[in-house]
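Student: Please see the structure below; I have some questions.
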Amino acid sequence: MSARNLVERAEATAVRAYAPYSNYNVGAVVRTTDGREFEGVNVENAAYPLGVCAEKSALVSAVAAGYRPGDIDAIGITASPCGGCRQWLHEFRVGEVAYRGSDGEVHVATPSELLPDTWDF
Ligand code: THU
């Protein structure tokens, strides 16, 4: 399955978002190099800063199953990833990032294209 198809999977996943404050449902699907998929949605909280983005929740799910940086082949997202999520995509060295842009088109990029000249620890 191409990274582009993961955007459609993410759009189906987004219906399970918990976003009662923004009403902005986001979905993400991560595909590992060995072909497994992990879904994520944004999960908000009445204490607004405690909310979690869909990309992070998908990556957390993959990490809990044992996957590590370099093990993530691609991610599909229903929206352009925020700055913090771009740093997460960089950390996990995600191969391809596909997302639905505000222009309605699917865009495909690498983490370094999305976050150039990144800081590393
Ligand atoms: N959101 C994501 O899940 N991912 C992003 O990359 C951008 C923003 C969520 C966070 C919040 O629940 C809602 O979208 C509005 O900002």
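Values in this text are rule-based calculations from the coordinates and carry no lab data. Just so it is clear, the model here is predicted, and its values are computed rather than measured. Because the Cβ atoms are built from the backbone with ideal geometry, glycine has one as well, and the counts that use them run over all protein chains shown.
Student: Counting DSSP beta bridges in region 13-121, what percent are antiparallel, to the nearest 5? Can you show the working numbers first?
Tutor: Numbers: 15 of 20 bridges.
Close to 75 percent.
Student: Two decimals is fine: what's Rg over Rh for region 40-120, C-alpha atoms, Kirkwood radius as Rh?
Tutor: 0.97
Student: Rounded to the nearest 20 Debye, what is the dipole magnitude of the chain about its Cα centre when Lys and Arg each give +1 and Asp and Glu each give -1 at the C-beta? Show your work: numbers first, answer last.
Tutor: Values: 10 positive and 16 negative charges, 54 e Å.
For this selection, approximately 260 debye.
Student: What percent of all Cα-Cα pairs in region 7-54 falls in each 5 Å bin, counting up from 0?
Tutor: Reading the bins upward from 0: 6, 24, 27, 19, 12, 8, 3, 1.
Student: Against the empirical 2.2 N^0.38 Å scaling, what ratio does the C-alpha Rg of region 33-86 come to?
Tutor: Normalised Cα radius of gyration, region 33-86: 1.19.
Student: Same structure again: When the chain is modelled as a GNM with alpha-carbon springs shorter than 10 Å, which of 73, 34, 103 fluctuates the most?
Tutor: Of the options given, 103 has the highest mean-square fluctuation.
Student: Once you have the Kirkwood Rh of region 1-96 from its Cα pairs, apply Stokes-Einstein at 25 °C and 0.890 mPa s and quote D in µm²/s.
Tutor: Approximately 189 µm²/s, per Stokes-Einstein.
Student: For the chain, set up a Gaussian network in which alpha carbons nearer than 10 Å are linked by springs, and say which option among 18, 99, 48 fluctuates the most.
Tutor: Ranking 18, 99, 48 by mean-square fluctuation puts 48 first.
Student: Residue-wise, which Karplus ³J(HN,Hα) couplings in Hz belong to region 26-43, taking 6.51 cos²θ - 1.76 cosθ + 1.60, θ = phi - 60°, and x for glycine or proline?
Tutor: Per residue, the Karplus-derived 3J(HN,Hα) values read 10, x, 8, 10, 9, 10, 7, 5, 9, x, 7, 10, 10, 9, x, 9, 6, 10 Hz.
Student: Separate question: Beyond 13 Å, what share of the Cα-Cα pairs of region 75-115 remains, rounded to the nearest whole percent?
Tutor: Beyond 13 Å sits 43 percent of the P(r) for region 75-115.
Student: Still on this structure, please answer the following. To the nearest 500 deg cm²/dmol, what mean residue ellipticity at 222 nm is calculated for the chain from DSSP H runs of n ≥ 4 alone, each contributing -39,500 (n - 2.57), summed and divided by the residues?
Tutor: Mean residue ellipticity at 222 nm (helix-derived): -8000 deg cm²/dmol.
Student: May I ask which residue of 59, 107, 97 lies farthest towards the positive end of the charge dipole of the chain, with charges of +1 (Lys, Arg) and -1 (Asp, Glu) on Cβ and the Cα centre as origin?
Tutor: Of the candidates, 59 comes out farthest on the positive side.
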